[in-house]
There are 2 protein chains.
Amino acid sequence: MKTIEVCLTPELIHQHVLEGKFVVVVDIFRATSCMVTGLACGVSAIYPVSTVESCLALGSTGMLTAGERGGIKIEEFDLGNSPFEYQQDFVKGKLIAVSTTNGIQAIASSAGAQKILIGAFLNISATANFLIQHANHVLIHCAGWKGTPNLEDTLYAGALIQWLGKSFELEGDSAKLAKSLYLNHQHDLLAIAKESSHAKRLAGFGITDDIAFCVSTEVYSIVCHMVGDKIVTI
Amino acid sequence: MKTIEVCLTPELIHQHVLEGKFVVVVDIFRATSCMVTGLACGVSAIYPVSTVESCLALGSTGMLTAGERGGIKIEEFDLGNSPFEYQQDFVKGKLIAVSTTNGIQAIASSAGAQKILIGAFLNISATANFLIQHANHVLIHCAGWKGTPNLEDTLYAGALIQWLGKSFELEGDSAKLAKSLYLNHQHDLLAIAKESSHAKRLAGFGITDDIAFCVSTEVYSIVCHMVGDKIVTI
């Protein structure tokens, strides 16, 4: 039987076996939503890095730099962490080095998986179809917020479980929690997403359009995965 | 404003400040349900201990011994981990030393709180009323299963949030997750409880009556708390 499990925060990833699994890393607000948007809009590849310094070092080799800390753009970087910035013409054909608060840590701690995919509501249907065709064991790795579970990534986990349908068996109660959350709110994702602590934090900075965009489904039809140290479309 | 937060597993408790908070430890299947049942049925005090050896050592001083590992009674102990065992006449007036897989760890890692309460569906109303009267900041500490979140403890967290009503503000997304889970299943707690991994594990051992009893609300009207190294009624 094919299986699907959910890790609610990188702090719990050590409880999961990664070997032989397709891990879908998700940081809805906003790292992985930005990555999917960028790659769909013509970015050649995205390099996730953990520190501002290593991001700037890649920038000095000609890459664009992007990212935030605590939801705020880093001043020296070319881009912040809004998906709309990744839709601009000048990113086409470029390499982008990215460093964000939570998403990068979840990507780094997924090392050892059979394959690492980058998930977002924006391309959930394409990702689900790819997994149905290729994966036997799926682990959805939620980036959370500074080590704690969050609503929006858990909501995505529940949504992807539904998209994957009945051919995957749920393993562990975190998957059941995520599924219940999604089923309870599937007809108004934006309303529950706005309740998340991070959405409220972003709204405090005046960032509200990003929230609505990041919970839109089926905007893009690409699938994104890690190859070596970079993220590209399949 | 009064606040309420939820920690989904002891592995995440380091992300919460315990000082100044009323921590409600919950291990629905079955440690804290047993403790509440025992104290309601006349047990004088319960001593939670981490190892089988320290439990047996207390047993040699005249206490009854109780507990399980992986859901199975420990052979040398007087009692297993079923609430029905704690309803027997011979436990009245006794001290009981208890060691279980998950609940004890959650109790131990709550040290530093202003007060530690022992929660169960069985006395949820009494616990909620006590908190409304006495607590400014509540943290519901779910014992989970071997470090992972579980359905039944999260369900209790959501239920207690509802019982506490609007005078407490939710802090953090785990509290919102728990509330959503409860609201989605409040009219049939047993159905969702049966879906939990641990309920299925217990059902595999033929233990099904315990599941239904442990999700019954308002069976007992006592409130249980830690005083030093023992659990007693308030």
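The values are calculated or read from the model by the stated rules, or taken from the named source; none is laboratory data. Quick caveat: nothing in here was measured; it's all calculated off a predicted structure. Cβ coordinates were reconstructed from backbone atoms using ideal geometry, including for glycine residues, and neighbour counts include every protein chain displayed. When the accessible area is computed, the model is the full protein with side chains, heavy atoms only, and any ligands, DNA or RNA have been set aside. Shrake-Rupley method; radii C 1.70, N 1.55, O 1.52, S 1.80 Å.
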Item to check | Failed criterion for B:LEU131 (all others in (1) aliphatic (A, V, I, L, M); (2) open to solvent by 10 Å² or more (accessible area, probe 1.4 Å); (3) within 19 Å of the chain's Cα centre (by Cα) hold) | outcome: (2)
Checklist entry - Are there any strands (runs of 3 or more DSSP E) wholly within the stretch A:3-110 with 2 or more residues that are open to solvent by less than 10 Å² (accessible area, probe 1.4 Å) and in contact (Cβ under 8 Å) with a residue 40 or more places away in the chain, and if so which? => result A:22-26, A:45-48, A:95-99
Next on the checklist: Take A:LEU151 and tell me if it is in contact with an Asp or Glu (Cβ under 8 Å, 6 or more places away or on another chain), within 23 Å of A:GLN105 (Cβ to Cβ) and buried (at least 23 other Cβ atoms within 10 Å of the Cβ).
Outcome noted: yes
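State the number of residues belonging to the stretch B:24-65 that are closer than 24 Å to B:ALA113 by Cβ and not β-branched (Val, Ile, Thr).
First pass over the stretch B:24-65, keeping only residues closer than 24 Å to B:ALA113 by Cβ: B:24-40, B:43-51, B:54-55, B:58.
Within this subset, residues satisfying the condition of being not β-branched (Val, Ile, Thr) are B:27, B:29-31, B:33-35, B:38-40, B:44-45, B:47-48, B:50, B:54-55, B:58.
Here the count works out to 18.
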Checklist outcome for this item: Looking across the stretch A:183-199 at residues that are free of Cβ contacts under 8 Å to residues at least 60 places away in the same chain and facing chain B (nearest Cβ under 10 Å), the single one that is nearest to B:SER174 (Cα to Cα) is A:SER197
Checklist outcome for this item: Of (1) open to solvent by 10 Å² or more (accessible area, probe 1.4 Å); (2) more than 18 Å from the chain's Cα centre (by Cα), A:LEU177 satisfies every one except (1)
Checklist entry - Does B:ILE161 qualify as being modelled with pLDDT of 95 or more, within 14 Å of chain A (Cβ to nearest Cβ) and open to solvent by less than 60 Å² (accessible area, probe 1.4 Å)? => result yes
